[in-house]
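Inspection log for the structure reproduced underneath, given as structure tokens.
Derivation of every value follows stated rules applied to the coordinates shown; laboratory data play no part. Keep in mind that this is a model prediction, so the values were computed, not measured. Cβ coordinates were reconstructed from backbone atoms using ideal geometry, including for glycine residues, and neighbour counts include every protein chain displayed.
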Amino acid sequence: MHCTQSIAALKALYAWHDLWSADFPRACGPGCATCCTANVSLTSLEARYLVAAPRFEETPEIGEKIRGLTAGPLYRPTCTINQVAACCLAHQEPPEDTSEHVAGVCLFLDDQRQCRIYAHRPMACRAMASQVRCRPGSEAVVAPLVLTVNLALHQIIEHLDQEGVFGSLPEVVLWVLGNGVTRPLPGNQPLPGFLVPDDEQEGFNDFLRALAAWPVEGGRFGDHLPGRQPGGEEGRP
Ligand code: SF4
């Protein structure tokens, strides 16, 4: 798929998620940045969109800062989300993720604890919506269907970016900027299917139907999904 089409589909997916997730209560707000750690991962498609954010250039010495980060300890996922999903669907053990999370905050968090690239933030950040205020060391509280749909959206984004890579935010941004990443990053994989608990199947089908019908430049989001997806008429979550 052409990069421009993939970015248009990604923007449509984010817009759809904004509307859909608004129906679920959340305690998150400006200045609440407990989840803005140094362990955010994303696809190269999301990184391409992120570097187009208006305030991206305001991040001081971005290239140097990222190079410093990637030279030190960094969370480096060893496989992609669709790789893990494919193993789960085949009842096989996924590859072991040997990388460990590291301390520190995201390089895009500013002095007021706000995100410099908020409107362009990746899916991993959008998925972090807790029903209760988080504290360091505590866990977010998220409705089960929201978790399932967020996982599916991560998988779909990877599917849109099959010629791209997956990894930690600093490394993938560096990869997109063409500034040299000194090790191979996991390559994105096509969508192998979704992981949906039986008791969420109905809600999940509603989600997929609404997303498939959601408009994307010149078509519907279902055009970007493998196989024929059920398209509703309204295309609204
Ligand atoms: S990209 Fe923005 S929202 Fe995401 S972790 Fe970084 S500062 Fe937080």
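What share of Cα pairs, in percent, lie more than 30 angstrom apart in the chain? Counting pairs separated by more than 30 Å, the tail of P(r) holds 24 percent.
When the Cα convex hull of region 1-94 is projected onto planes of every orientation, the mean area is 9.4 nm².
Rounded to the nearest whole Hz, the Karplus-based 3J(HN,Hα) values (6.51 cos²θ - 1.76 cosθ + 1.60, θ = phi - 60°) of region 29-43 follow the sequence x, x, x, 8, 9, 4, 7, 7, 8, 7, 10, 6, 10, 6, 8, with x at glycine and proline.
Say we join alpha carbon atoms closer than 10 Å with springs in a Gaussian network model of the chain; which of LEU69, LEU191, LEU160 then has the biggest fluctuation? With Cα springs under 10 Å in the chain, the top fluctuation among LEU69, LEU191, LEU160 is at LEU69. Summed over qualifying helices (DSSP H, 4 residues or more, each -39500 (n - 2.57)) and divided by its residue number, the chain shows a 222 nm mean residue ellipticity of -11000 deg cm²/dmol. The orientation-averaged shadow of the Cα convex hull for region 64-114, equal to a quarter of the hull surface, comes to 5.0 nm². For a label point 7 Å from the Cα of GLU58 along Cα→C-beta, name the residues of region 106-132 whose backbone N is under 16 Å from it. So the set is 107-121. Inter-part distance, region 138-162 to region 37-88, computed on C-alpha centroids, equals 17 Å. The trypsin sites (Lys or Arg not before Pro) found in region 11-116 that occupy coil by DSSP, while having at most 15 further C-beta atoms within 10 Å, are ARG55, ARG113.
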